[in-house]
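The values are calculated or read from the model by the stated rules, or taken from the named source; none is laboratory data. From a predicted model like this one, the values you see are computed outputs, not experimental measurements. Don't worry about glycine lacking a Cβ; one is built from the backbone with ideal geometry, like all the others, and counts go over all protein chains shown.
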Ligand code: NDP
């Protein structure tokens with residue numbers, strides 16, 4: 001292996017002005033950890049866009065290699081669970097926020113953070129799912145735990161043409177749900193229908209004034225948007241329903257009332273992927289391997305190289321990325 005490898009580094013000057021550059025690093029530059037991984041594929045998540053553009057304080061250590069998830073092969077390990085040659089996935093745990101991340105040909109992390117690449121899945125496939133897709137699966141699992149089965153009625157997915165949304169639409173439709181996909185991009189209607197959406201509605205239907213209770217439209221949903229959108233989704237959720245909230249693409253606020261909770265028994269299910277315990281991750285990846293169609297996975301992802309990361313990061317915060325972006329490192 002060459003002594004140096006490529007990585008993206010975000011830095012901050014004395015005036016706290018952020019800059020980003022591609023650098024050559026050596027393994028001595030990597031942070032502490034007991035497993036070193038040759039990164040084969042990564043992806044551009046919304047959070048990575050925020051980190052690279054500096055639009056929100058995702059980066060909490062300077063300088064930093066961003067990138068919150070990767071798949072690759074172990075090259076060295078002092079951890080009992082991992083050996084050289086093992087295929088692994090990493091999502092979250094502060095990687096790409098406080099620990100050097102995925103936008104590097106090599107990464108050194110804690111072995112406890114890794115999960116095995118599911119049988120039959122390539123590094124590329126795993127990153128077509130990525131943190132966005134794994135989070136979508138966590139949302140679906142939360143809805144199921146709450147008893148929101150397909151026979152309970154339709155489920156809504158907001159930010160449907162984005163990463164979390166696209167995978168949620170694909171998984172829910174494969175599981176037999178009647179999926180109502182909400183998007184701000186009229187042009188993506190066919191894409192969403194192909195992924196399995198039974199209905200596609202305009203984002204505007206969920207961004208108007210929020211009533212405490214509105215007409216019941218769905219049994220539950222997956223929300224990647226937050227703010228007024230989530231408030232409207234809650235007010236339109238049927239008696240006893242549940243909404244899994246995982247994102248803030250539309251804002252961090254929640255201009256809601258307690259009416260859906262106390263008058264309709266609606267539940268708001270909070271979803272965090274970053275610190276999710278290992279057994280939950282293993283279950284989510286096991287379910288992804290069985291409940292997500294490979295053909296749909298291919299349809300919802302586009303592939304770029306290392307050199308395309310910065311442009312994709314800027315595009316995702318502008319809401320211009322459709323589905324998932326996979327970065328092939330080789
Ligand atoms: P994407 O940018 O791929 O998708 C977000 C989608 O939200 C967009 O494609 C767009 O969908 C919609 N959207 C964007 N801006 C607005 C707006 N102003 N108002 C309404 N809708 C909007 O991001 P990801 O799918 O990767 O992530 C989605 C969210 O989930 C992010 O906030 C991210 O931080 C969060 N997230 C949280 C995780 C967790 O652990 N809780 C893990 C992973 C992601 P459309 O064009 O179809 O309307």
Subject >> Sole exception among (1) on the phi > 0 side of the Ramachandran plot; (2) surrounded by 17 or more Cβ atoms within 10 Å (Cβ to Cβ) for residue 176, by number >> reply: (2)
Original post:
If we scan the range 250-258, do we find a residue that is out of contact with any helix residue (DSSP H, G or I) (no Cβ under 9 Å at 6 or more places or on another chain), more than 15 Å from the ligand (Cβ to nearest atom), at negative phi and at pLDDT 95 or above?
Top reply: yes
Subject >> One residue from 72, 120, 101, 165 being modelled with pLDDT of 95 or more and part of a loop (DSSP other than H, G, I, E, B) >> reply: 101
Original post:
Within the range 288-330, how many residues turn out to be surrounded by fewer than 19 Cβ atoms within 10 Å (Cβ to Cβ), within 17 Å of residue 117 (Cα to Cα) and at pLDDT below 95?
Top reply: 5
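Okay, residues lined up against (1) out of contact with any helix residue (DSSP H, G or I) (no Cβ under 7 Å at 6 or more places or on another chain); (2) within 16 Å of the ligand (Cβ to nearest atom):
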site: 269; (1), (2): no, yes
site: 273; (1), (2): no, yes
site: 276; (1), (2): no, yes
site: 282; (1), (2): yes, no
site: 288; (1), (2): no, yes
site: 293; (1), (2): no, no
site: 298; (1), (2): yes, no
site: 302; (1), (2): yes, yes
site: 306; (1), (2): yes, no
Original post:
Which residue, of 260, 255, is farther than 27 Å from residue 95 by Cα and touching a strand residue (DSSP E or B) at 6+ places or on another chain (Cβ under 8 Å)?
Top reply: 260
**OP:** Scan the range 211-235 residue by residue and report those that are away from the ligand (no atom under 11 Å from the Cβ), buried (at least 23 other Cβ atoms within 10 Å of the Cβ), in contact (Cβ under 8 Å) with a residue 40 or more places away in the chain and not in a strand (DSSP E or B).
**Re:** 233
**OP:** Kindly check whether there is at least one residue in the range 140-159 that is touching a helix residue (DSSP H, G or I) at 6+ places or on another chain (Cβ under 8 Å), assigned to a loop (DSSP other than H, G, I, E, B) and in contact (Cβ under 8 Å) with a residue 12 or more places away in the chain.
**Re:** yes
**OP:** Output the qualifying pairs, or none if there are none: Cβ atoms under 6 angstrom, residues six or more apart or on different chains, first residue in the range 176-188 and more than 17 Å from residue 140 (Cβ to Cβ), second residue crowded, with 22+ Cβ neighbours inside 10 Å.
**Re:** 183/160; 183/161; 185/161; 188/161
**OP:** Mind listing whichever residues of the range 88-114 are over 26 Å from residue 310 (Cβ atoms) and surrounded by fewer than 19 Cβ atoms within 10 Å (Cβ to Cβ)?
**Re:** 110, 111, 112
**OP:** Please go through the range 22-43 and pick out each residue that is in contact with a helix residue (DSSP H, G or I) (Cβ under 7 Å, 6 or more places away or on another chain) and either farther than 24 Å from residue 122 by Cα or part of a loop (DSSP other than H, G, I, E, B) (or both).
**Re:** 34
Original post:
Within the range 189-202, how many residues are in a helix (DSSP H, G or I) and either more than 9 Å from the ligand (Cβ to nearest atom) or surrounded by fewer than 22 Cβ atoms within 10 Å (Cβ to Cβ) (or both)?
Top reply: 6
**OP:** Please indicate, with yes or no, whether at least one residue in the range 276-287 is assigned by TED's automatic domain parsing to the domain that holds residue 66, closer than 30 Å to residue 121 by Cα, touching a strand residue (DSSP E or B) at 6+ places or on another chain (Cβ under 7 Å) and buried (at least 18 other Cβ atoms within 10 Å of the Cβ).
**Re:** no
